Amino acid sequence: MENKRDIRALTREDIESYFTEIGEAPFRAKQVYEWLWKKGAKNFESMTNLSLPLREKLQANFVINHIRVDEMQRSNDGTIKNAVRLYDGKVVESVLIPTDNRITACISSQVGCSLDCNFCATANLKRMRNLNPDEIYDQVVAIKNEAENFYGRPLTNIVFMGMGEPLMNYKNVLEAIEKITSPDGLGMSPKRITVSTVGLAKMIRKLADEEPRFKLALSLHSARDEVRDKIMSINLKNPVEELRQALEYWYSKTKSRVTLEYVVWRGINDQKIDIDALVRFCRSVPCKVNLIEYNPIDDGIFQQADEEAVLAYVKALEAAGIVATIRKSRGKDIDAACGQLANKNELEIFN
Ligand code: SAH
């Protein structure tokens, strides 16, 4: 069988030159682009403002590789988790998180993950491949539709906090964000998009140079190398001081405050020395801190610290003028919370 190209792998310019080549008016290219990226068309038949012969020609030459939501699980707190099947059969997960005034989509950027954070279930999956821009975009559209259909509300925020490390799939993540934010795409505000990174100093600087308008979060979890080295092996090559300098650079370029994600674990980072290190870190980088609840992944080494320890963090940070927020987990009962995305059902089927 002839291998047809996925039309969504073409840039806007590629589509324009294709239309010129086949002798079609240039505005047709714009129409097709909008069908693909604004209206999320899944097939050529639905592009009703194109002539039938043109639709047939596109159909004969291209495919639209669309994701399929294989399974949707709904938590008793309203969180929805989608198991998303990609064109090659691989599966990633994305999550819809409703709160009083927001609906947030938590999106995956890679199939599996190459990082080795000891407290994260996705780390067990290993990285299989990067997601294409259209696969990232489709996850957003699927959640946008669910928000409208199930909650009668629009999608308001997007966080790249699902499976994978977005800055290790740099180009595709940026391309997807362009499609999500551009006026002939979904037209969402970049200010409502947060890219979360494990902390890759070089990539943070590279990203800063592009002066993006979306937000950055960094999964810090400890501001002490002796601790961070042990729980996140990526720290061996991206030590805390280098991250701090990269974040300073980020702020100088973007004027956007970074969010530090931080879990407090019993016996790991719950002492005064840990708190002092974080306060010192935050004093020199404009930031705010999200203290996230730990979602156990069953090996018992990591345990959520006592409430007093978390409150001691909040108190110390606030005393230093740093905004700190305690974040409760959502979707725990369906393994949809931070660090729990691991294609569990998939593993059960195939193992
Ligand atoms: N690779 C990116 C994005 C994915 S992780 C990053 O590292 O930021 C999304 C967030 O969940 C990160 O802050 C991560 O450290 C956190 N996380 C991972 N496992 C967790 C767990 N078991 N409980 C709570 N948070 C966890």
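The values are calculated or read from the model by the stated rules, or taken from the named source; none is laboratory data. Please read these numbers as outputs of a predicted model, since none were measured by experiment. As a convention, Cβ positions derive from the backbone with ideal geometry for all residues, glycine included, and neighbour counts pool all protein chains shown. We work out accessible area using only protein heavy atoms, side chains counted, and drop any ligands, DNA or RNA first. Shrake-Rupley method; radii C 1.70, N 1.55, O 1.52, S 1.80 Å.
Among Ser189, Ser51, Ser94, the residue with the largest mean-square fluctuation in a Gaussian network model of the chain, with springs joining Cα atoms closer than 10 Å, is Ser51. Computed on protein heavy atoms with a 1.4 Å probe, the accessible areas place Tyr87, Tyr18 in the order Tyr87, Tyr18, largest first.
Shown in residue order for the stretch 212-223 are the 3J(HN,Hα) couplings computed by the Karplus curve 6.51 cos²θ - 1.76 cosθ + 1.60 at θ = phi - 60°: x, 9, 8, 9, 10, 10, 10, 7, 7, 6, 6, 9 Hz (x for Gly and Pro).
Less than 5 angstrom separates the built amide H of Phe44 from none of the residues sequence-distant by 5 or more or on a different chain. Length gained on full extension, Glu318 to Ser189, computed as 0.36 nm times the residue gap minus the Cα-Cα distance: 43.5 nm. Coupling constants for the stretch 227-235 follow from the phi torsions by the Karplus curve (6.51 cos²θ - 1.76 cosθ + 1.60, θ = phi - 60°), and in residue order they are 8, 5, 3, 7, 9, 9, 5, 4, 5 Hz; glycine and proline get x. The orientation-averaged shadow of the Cα convex hull for the chain, equal to a quarter of the hull surface, comes to 19.1 nm². Once the chain from Glu226 to Arg257 is taken as fully extended at 0.36 nm per residue, the excess over their C-alpha distance is 8.6 nm.
Looking at the chain, the accessible area is 47 square angstrom per residue; that uses a 1.4 Å probe and ignores ligands, DNA and RNA.
Measuring against 25 Å, Cα to Cα, the residue pairs Lys30/Lys253; Lys206/Lys255; Lys206/Lys344; Lys38/Lys171; Lys81/Lys253 contain Lys30/Lys253; Lys206/Lys344; Lys81/Lys253 as the ones spanning a longer distance. Accessible surface ranking for Ile273, Ile80, 1.4 angstrom probe, highest first: Ile273, Ile80. Placing dummy labels 7 Å off each Cα toward the beta-carbon, the span from Glu211 to Leu52 is 5.2 nm. Distances between placed amide hydrogens fall under 5 Å for Ile322 paired with no residue 5 or more residues away or on another chain.
For the chain, which whole-number percentage of the solvent-accessible area (1.4 Å probe, protein heavy atoms only) is attributable to carbon and sulfur atoms? Write out the running numbers ahead of the final one.
Values: 8130 of 16460 Å².
Heavy-atom surface of the chain belonging to carbon and sulfur, 1.4 Å probe: 49 percent.
Computed extension length for Arg12-Gln245: 80.2 nm, one decimal, from 0.36 nm per residue of separation with the Cα-Cα distance subtracted. Rounded to the nearest whole Hz, the Karplus-based 3J(HN,Hα) values (6.51 cos²θ - 1.76 cosθ + 1.60, θ = phi - 60°) of the stretch 41-50 follow the sequence 4, 9, 8, 7, 4, 6, 7, 6, 8, 9, with x at glycine and proline. A simple charge model with +1 on the Cβ of Lys and Arg, -1 on the Cβ of Asp and Glu and nothing else charged puts the dipole of the chain at about 760 debye relative to its Cα centre. Under 5 Å between amide hydrogens, built in the peptide plane, is the criterion, and for Ala223 it picks out Leu278 among residues at least 5 positions away or on other chains. By the Cβ distance rule of under 4.7 Å, the chain has these cysteines without a partner: Cys106, Cys113, Cys282, Cys287, Cys338.
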